[in-house]
1. Can you tell me the length gained on complete extension of the stretch Leu48 to Lys35, counting 0.36 nm per residue apart and subtracting the Cα distance?
2. Residue by residue through segment 31-46, which ³J(HN,Hα) values in whole Hz follow from phi under the Karplus form 6.51 cos²θ - 1.76 cosθ + 1.60 (θ = phi - 60°), with glycine and proline marked x?
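What follows draws every value from the coordinates through simple rules; no lab data is involved. On a predicted model such as this, the values are computed, not experimentally measured, just so you know.
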Amino acid sequence: MEIREIQGYLYFFFILFLTFVLYGYIVHLYRSEKKGERDYEKYGKMALDDELTSPPVEPLDENEDAKEKRSGK
């Protein structure tokens with residue numbers, strides 16, 4: 001087996017792996033949006049509405065903000 005043949009096999013399996021990762025990510029996004037965990041269309045509009053006076057995409061949770069201040073992050 002020559003190095004070119006090994007490179008061809010590795011390239012094929014790498015592309016196959018990346019395809020599975022891409023489809024897995026798409027399924028993850030679809031499922032989380034269906035469950036109502038997050039609305040990703042808001043994040044898509046963020047690029048169009050990019051001004052200092054724009055409202056935030058999601059409101060900050062006051063409990064999480066206080067935890068971050070206590071932990072020093």
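1. Roughly 2.1 nm would be gained on extension.
2. 5, 5, 6, 5, 6, x, 5, 7, 9, 6, 5, 4, 6, x, 6, 4
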